[in-house]
Amino acid sequence: MDWGSIISQTLSALIGWEVVAYSLAAMGLNIHFGYTGLLNFGQAGFMAVGAYGVAMGISTFGLSLGMAVLFAIAFTILLALLLGIPTLRLRADYLAIVTIATGEILRLFFRSATLSEWTGGSDGLQGNPLFTQQFKNLNPYGGPLDVGPIFLTQHILWVITVGWVLVALGILVTWLLMRSPWGRVIKGIREDEEAVRSLGKNVFAYKMQSLIIGGLFGAAAGVIIALAASSANPDNFAPQYTFFAYTVLLLGGAARVFGPVVGAVIFVGALVFVDAILKGAMSDGLIPTWVMDGDQVGQVRFILIGLVLMLLMIFRPQGIFGDKKELQLDAR
Amino acid sequence: MPADNEATTTQQGERAKAAVAALSTAEQVPGGSKPDPILVADNVVRTFGGLKAVDVDHLEIQRGSITALIGPNGAGKTTCFNLLTGFDKPDTGTWQFNGDEISKLAPHRVARRGMVRTFQLTKSLARMTVLENLRLGAKDQKGEHLWASVLPFLWRDQEQSVTERADELLEHFNLVRVRDDYAGSLSGGQRKLLEMARALMVGPEMVMLDEPMAGVNPRLRQSLNEHIRGLRETGMTVVFVEHDMDVVRDVSDWVVVMAQGQIVAEGPPQEVMAQQSVIDAYLGAHHDAPLTEAEEEAQLEAVQEQLAQESEEGTQ
């Protein structure tokens, strides 16, 4: 087995664009679920809107990169409003149902053959030089990063630079928001919205603000994915990505500022590491073919990771940063 | 603070006397008018399917008094609370608070007008500290606006004064020891105190307490009684739902009795509890008509015993 390559792959992944994307998506869910108690199962939808907002803004409507980003932000806010107005007055589980459906509607909408002239259909928006060219032109790096075991291409290096700046900003904003009286109302809503209402707070307005802010984090994740892959592909926004983001959030610890980032590093790091180990073991013939064949590595790594996650949730249900005492509180 | 206590005791007498004196001129009939009502409700009807849960023709609440709302289970007391505070919408009905129409307002707007409620099942915000629970109650906080929240210098001074007020209330309600504990770790009685203190943070003119004694041990019950009386001393109007007749007798200046959604009797506690219509409300009219006078007396005794038992059951 080539341990050098395995370590190199894993270390590069730890700071890579996937960690950035999962961090941002989970940071949005942290605002929604961790702090406000909104069960948003449609984060992939927000991610898709961010990705397609920028990609379609540039490729389809010929906007500049800056305008396309604004277009994506406006699109995201519109989605949050559309989603929130009918559902935020309802009980939490209704929001969960509606959001998971909305995520799928959006994915199928972007995927549909009828609209492929604008959205690229099932192939996604790619190959169009306009889409990432402006972003690439802004790249301040002269070449790829190749330090020790870490290797990143020039393009990815630029994507993750922007990405980590966004993550840092997101952490700062989350921290500022959640230590303020605004954050206190938000956490109060998570605990019991009727009580907060009885104290004269407009719960609906706060939930809407939370939905928009968390949605913007999700959209930022989508933009990073689109830029890194140089394509906006509908299959990158399937429902499982919402659940991966939830996994990341719970892994790090919900309602903790650094939870999503640490969760994303562990989740992506473990996936890449196990994948590399399994592939190495397969090529060395260490795993007999009646156990698994080479095509099954992708699935088996998820089985193994799932097992580890289950153990983690059993023995450390509060996540890495969580407070077990808090979890055990009688939430009457 | 012994001096303080003394001052409140004498004052307590005055306010209580004032409330009783004011109510002595009030009519002792269902929907009777009061000399200085803070809340006036008319034709409030709420149906659930075929059931008329609340059907109140007219109700007035005297300012600065403690009014108890009693009645058997399912009489519509809590529904009535929910309607008046905007947490439920009536089929018909209007009511005015301080002369302002508030029957169409959302619950948070009702609270901002100065009418704050608590809940039958305590709603302490479990994963927040006791102090944070209280701070949340304060009205008009600049830092509660999204844009201002990320600029701490805009709200830091206000936060300071809010915290001071919260600390005063914690002191008053004997919650200083648990100031920084999670509210979810408090006992049932402490949660009731916390909820009351939190409601006071809003600075209400009128507080509506839904079964403030439910699930509270007898010792804390006594201190809760005093806190409720204390609210009147600060000029607040109190309405509370309660099953414990001893508490009702001890604390209230006026009692409103509901049965099957309607107000069946009103008056000072001693008088109301002796009324036939009230006993009927609890036990059903003509449950079995007595044949002789001796039987009637025996039945009356049995009824009183049962009432006492019921109130005891409410305690547990």
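The values are calculated or read from the model by the stated rules, or taken from the named source; none is laboratory data. Predicted model, so just to flag it, every value in this text is computed and none were measured. So basically every Cβ, Gly included, is an ideal-geometry build from the backbone, and we count neighbours across all protein chains shown.
Annotations for the structure displayed:
- Tallying residues that are of a type in the set (S, T, N, Q), touching a residue at least 24 places away in the same chain (Cβ under 8 Å) and within 14 Å of chain A (Cβ to nearest Cβ) within the stretch B:74-104 yields 2.
- Criterion: buried (at least 24 other Cβ atoms within 10 Å of the Cβ) and not hydrophobic (A, V, I, L, M, F, W, C) - qualifying residue of A:Gly62, A:Gly28, A:Gly57, A:Gly66: A:Gly28
- Counting only helices (runs of 4 or more DSSP H) that sit wholly inside the stretch A:152-239, those with at least 3 residues that are more than 9 Å from every other protein chain (Cβ to nearest Cβ) are A:154-178, A:203-229.
- With respect to (1) modelled with pLDDT under 90; (2) surrounded by 15 or more Cβ atoms within 10 Å (Cβ to Cβ), the lone exception for A:Leu115 is condition (2).
- The residue that is nearest to A:Val272 (Cα to Cα), among those in the stretch A:313-332 that are modelled with pLDDT under 85 and assigned to a helix (DSSP H, G or I), is A:Met313.
- Number of positions in the stretch A:162-190 that are out of contact with any Phe, Trp or Tyr (no Cβ under 8 Å at 6 or more places or on another chain) and more than 30 Å from A:Leu90 (Cα to Cα): 8
- Residue in the stretch A:264-275 that is acidic (Asp, Glu) and either in contact with an Asp or Glu (Cβ under 9 Å, 6 or more places away or on another chain) or buried (at least 20 other Cβ atoms within 10 Å of the Cβ) (or both) present: yes
- Qualifying residue in the stretch A:210-229 (condition: surrounded by fewer than 24 Cβ atoms within 10 Å (Cβ to Cβ), out of contact with any Pro (no Cβ under 7 Å at 6 or more places or on another chain) and among the polar types (S, T, N, Q)): no
- Count - residues of the stretch B:160-184 that are without any contact (Cβ under 8 Å) to a residue 12 or more places away in the chain and crowded, with 17+ Cβ neighbours inside 10 Å: 0
- Residue within the stretch A:46-56 that is at negative phi, out of contact with any Ser or Thr (no Cβ under 7 Å at 6 or more places or on another chain) and not in a helix (DSSP H, G or I) present: no
- Evaluating B:Phe153 against the criteria (1) within 26 Å of B:Ser65 (Cα to Cα); (2) without any contact (Cβ under 8 Å) to a residue 24 or more places away in the chain leaves one unmet condition, (1).
- The single condition among (1) touching a helix residue (DSSP H, G or I) at 6+ places or on another chain (Cβ under 6 Å); (2) touching a residue at least 40 places away in the same chain (Cβ under 8 Å); (3) of a type outside the set (S, T, N, Q) that A:Gly143 does not meet is (2).
- Residue list for the stretch A:194-208, restricted to those being free of Cβ contacts under 8 Å to residues at least 24 places away in the same chain and within 27 Å of the chain's Cα centre (by Cα): A:Val203, A:Ala205
- Considering B:Phe81, B:Phe48, the condition of being among the aromatic types (Phe, Trp, Tyr), at pLDDT below 95 and surrounded by 16 or more Cβ atoms within 10 Å (Cβ to Cβ) is satisfied by B:Phe81 alone.
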